[in-house]
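Trainee: Have a look at the structure that comes next, please.
The values are calculated or read from the model by the stated rules, or taken from the named source; none is laboratory data. Keep in mind the model is a prediction, meaning the values are calculated, not measured. All Cβ positions, even for glycine, are placed from backbone atoms using ideal geometry, and neighbour counts span all protein chains on display. Ligands, DNA and RNA are excluded from the accessible area calculation, which covers all protein heavy atoms including side chains. Shrake-Rupley method; radii C 1.70, N 1.55, O 1.52, S 1.80 Å.
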Amino acid sequence: MSNKKVNMGTQAVWSGEKDVLVHGATQVPVVVSVAYNYDDMDEWYDVATGKKPGHIYGRNTNPTVQAFEEKVRIMEGAEAATSFSTGMAAISNIFYTFLRPGDRIVSIKDTYGGTNKIFTEFLPQMNIEIVLCETGNHEEMEREIEKGCKIVYLESPTNPTVKITDIERIAKKGKEVGALVVVDNTFATPINQKPLELGADLVLHSATKFLGGHADALGGVVCGSKELIEPIYHYREINGATLDPWSAYLLLRGMKTLKLRMEQQEKNAFAIARYLQTQELVEEVFYPGLETHVNHDIAKKQMRGFGGMLSFSLKGGMDAVKILLPALKYANRAANLGAVETTYGPARTTSHIECTPEERAAVGIPDGLVRISAGIEDTEDLINDLENAFAILKEHMLSVGK
C-alpha cells in the first residue's frame with residue numbers, strides 16, 4: 001500500500017464520504033430524518049452518551065452533515081470538525097464557548113463587518129475587552145498580545161480589503177501567553193492556505209462562500225483539535241445553530257470541484273487586478289498576488305495561491321460605482337462571494353452593511369471601495385466586460401464635466 005500524500009484535488013472529490021454511502025450509491029445520501037430508531041435500549045443509551053457511534057437527533061448530528069464535516073476536516077488537516085447553519089454562527093459559537101466576563105480578545109480592524117459588530121456591539125455587553133489593531137502592524141499586535149488575552153482572532157486575507165497577516169508569527173506570540181489562536185480561512189480555503197500548519201488552534205470557514213461555490217447553500221464549519229472542537233460542538237448542539245442536511249449535501253457537492261474552481265478564479269482575479277491597475281479612474285487595487293500589495297511577501301510565504309478575491313477604489317466614490325457596476329454584463333451585483341459567477345459589490349452594501357459610514361471610515365473602507373469575487377468565466381470575457389463598463393463610466397464623467 002502506497003503511503004504517498006493524497007493531493008488536495010483528490011481529497012476534495014473523495015474524502016469523508018465512504019462511511020455514509022449506502023446501497024452501493026456513489027453519492028452521499030441526503031438523510032432528512034430528525035430522529036433515529038433503536039430497539040435495543042442499551043445501544044440507544046450508548047450512542048446518546050457517545051460511547052458508540054451513531055445518531056439520535058438531527059439537532060445533534062446527521063450522516064450527511066457528518067460527511068461534510070469530515071471532508072473539511074481532512075482537507076484542513078485537523079483532528080476534528082463541527083458545522084453550523086452559517087459562517088457567522090461558526091464565529092459566534094467559538095466566542096460564546098470560550099469567553100467569559102473579563103476576558104480579552106486581540107484582533108485586527110479589517111475583519112468582516114459581521115465579526116466587527118460582534119467585537120464592537122455584542123461582546124462588550126458581556127464585559128469582554130476587545131483590542132483591534134491595525135491590520136498588518138504585527139508589532140502592535142504582539143505588544144497587545146503580550147499584555148495577555150484569551151483569544152487572538154485573525155482573518156487573512158481580510159474581507160473586503162484583502163490584507164494579509166503573518167499567521168505563523170502572530171500564532172507564535174499567542175501561544176506564548178496561552179491564547180487561543182483562531183483564523184478565518186474563508187477567502188483562502190484549504191486549497192491556498194493551511195492555518196493549522198502555521199500554528200493556529202482553530203480554523204473556520206463560511207462554507208457558503210468558496211467551499212460550496214454555487215451560492216445556493218448556507219453553512220459554516222470549524223476545525224481543530226478534538227479537545228477544542230468538543231466544547232464548541234456541545235455549545236452548538238444545545239443552542240441549536242445546526243447545519244441542515246440538504247445544505248450539507250449541496251456544500252459537499254460543491255466541494256468536489258473546489259480545486260478546479262479556485263484555479264480559474266485565481267487566474268481571473270489576477271487578470272482583473274492587472275487590468276484595473278491600468279485604469280486612470282482607479283485609485284488603488286488590492287490583491288495579494290500583486291507585487292504592489294503591501295503584504296505580498298507574507299502572502300507568498302504562507303499561501304499556496306492568492307485566491308479569487310480582490311477589491312479596488314474608484315475615483316469619484318459611490319457616484320462612479322453607481323455608473324460602473326450596472327454597466328457590467330457578466331457580473332452579479334450582490335452581497336455574496338466565492339460563487340462560480342463573478343460578483344461585484346461595494347463594501348457599504350456587502351461585507352460592512354451592518355456598519356455605519358463612520359465605522360467603515362474608521363477601518364479604512366471608503367464608500368467607493370468595490371469588492372470583486374472572480375468567477376470561473378473565460379478570462380477574456382470578463383476583461384472585455386470591464387473595458388465596456390469603464391468606457392461607459394468615462395463617457396459619463398466627460399458628460400458631467402468631471
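Trainee: If LYS300, LYS173, LYS71 are ordered by their accessible area, calculated over protein heavy atoms with a 1.4 Å probe, which sequence runs from highest to lowest?
Mentor: Accessible-area ranking of LYS300, LYS173, LYS71, largest first: LYS300, LYS173, LYS71.
Trainee: Hey, can you find the accessible area per residue of the stretch 15-111 for me, probe 1.4 Å, expressed in square angstrom?
Mentor: Accessible area per residue, the stretch 15-111: 49 Å².
Trainee: Nearest 20 debye, what's the magnitude of the dipole of the chain about its Cα centre given +1 on Lys and Arg Cβ and -1 on Asp and Glu Cβ?
Mentor: Using only the charged Cβ atoms, the result is roughly 340 debye.
Trainee: Quick one: which residues, 5 or more positions from LEU243 or on another chain, have an amide H under 5 Å from its amide H? H modelled 1.01 Å from N in the peptide plane, none for Pro or chain starts.
Mentor: Those qualifying (amide H under 5 Å, at least 5 residues apart or on another chain) are PHE84, SER85.
Trainee: Compute the separation of the alpha-carbon centres of the stretch 365-388 and the stretch 240-314 and state it in Å as a whole number.
Mentor: About 12 Å separates the Cα centre of the stretch 365-388 from the one of the stretch 240-314.
Trainee: On to the next question. How large is the Kirkwood hydrodynamic radius of the stretch 281-341, counting all unique pairs of alpha carbons, in Å?
Mentor: 13.6
Trainee: Taking the alpha-carbon distance from LYS394 and a cut-off under 21 Å, which lysines remain once sequence neighbours fewer than 8 residues away in the same chain are dropped?
Mentor: The reachable lysines, counting only those whose Cα sits under 21 Å from LYS394, are LYS315, LYS322, LYS329, LYS402.
Trainee: Please list 3J(HN,Hα) in residue order for the stretch 310-323, calculated via the Karplus relation 6.51 cos²θ - 1.76 cosθ + 1.60 where θ = phi - 60°; whole Hz, with x for glycine and proline.
Mentor: With coefficients 6.51, -1.76 and 1.60, one gets 8, 8, 8, 10, 9, 5, x, x, 5, 4, 6, 4, 5, 8 Hz.
Trainee: Could you run the Karplus curve 6.51 cos²θ - 1.76 cosθ + 1.60 with θ = phi - 60° over the stretch 105-110 and give me ³J(HN,Hα) per residue in whole Hz, x for Gly and Pro?
Mentor: Those phi angles translate into 10, 10, 9, 10, 6, 8 Hz.
Trainee: For LYS301, give me every one of the lysines with a C-alpha distance below 25 angstrom, ignoring sequence neighbours fewer than eight places off in its own chain.
Mentor: LYS4, LYS5, LYS109, LYS163, LYS172, LYS173, LYS175, LYS194, LYS209, LYS259, LYS267
Trainee: Here's a follow-up. Taking amide hydrogens as modeled 1.01 Å from N in the peptide plane, which residues meet the under 5 Å criterion relative to VAL181, leaving out close sequence neighbours?
Mentor: Placed amide hydrogens put VAL152, ASP201, LEU202 under 5 Å from VAL181.
Trainee: Check each of the GluC sites (Glu not before Pro) in the stretch 280-332 and keep only those in coil by DSSP with at most 14 other C-beta atoms within 10 angstrom; list them in order.
Mentor: Answer by residue number: GLU280, GLU291.
Trainee: Against the longest principal axis of the chain, how steep is helix 258-277, in degrees 0 to 90 to the nearest 10, with axes from Cα atoms?
Mentor: For helix 258-277, the angle is close to 20 degrees.
Trainee: Also, quick follow-up: When the accessible area of the chain is computed with all protein chains present and a 1.4 Å probe, what percentage of it is carbon and sulfur?
Mentor: Working: 9120 of 17740 Å².
That fraction is 51 percent.
Trainee: May I pose another question? DSSP beta bridges in the chain, what fraction antiparallel, as a percent rounded to 5?
Mentor: Roughly 60 percent of the beta bridges in the chain run antiparallel, per DSSP.
Trainee: Are there any GluC sites (Glu not before Pro) in the stretch 94-183 that are in a DSSP loop and have at most 10 other Cβ atoms within 10 Å? List them by number.
Mentor: none
Trainee: Could you tell me which label, among (i) 79, 54, 44; (ii) 81, 52, 40; (iii) 80, 59, 43, carries the value of Cα extents along the principal axes in Å calculated for this structure?
Mentor: For Cα extents along the principal axes in Å, the calculated option is (ii).
Trainee: Sequence-distant or interchain residues sharing an amide H contact under 5 Å with THR61, placed H: which?
Mentor: Long-range HN contacts for THR61: ILE56.
Trainee: Apply the Karplus curve 6.51 cos²θ - 1.76 cosθ + 1.60, θ = phi - 60°, to the phi angles in the stretch 386-392 and return the couplings in whole Hz, x for Gly and Pro.
Mentor: Calculated HN-Hα couplings, in order: 5, 4, 5, 5, 5, 4, 5 Hz.
Trainee: Still on this structure, please answer the following. Quote the accessible area belonging to THR292 in square angstrom, nearest 10, computed with a 1.4 Å probe and with ligands, DNA and RNA left uncounted.
Mentor: The accessible area comes out at roughly 100 Å².
Trainee: Continuing with this model, one more query. Can you list which of the trypsin sites (Lys or Arg not before Pro) found in the stretch 119-165 are DSSP loop residues with at most 11 other C-beta atoms within 10 Å?
Mentor: Listed in order of number, the matching sites are LYS147.
Trainee: Could you state, as a whole-number percent, how many of the C-alpha pairs of the stretch 167-228 are farther apart than 20 Å?
Mentor: Working: 558 of 1891 pairs.
Beyond 20 Å sits 30 percent of the P(r) for the stretch 167-228.
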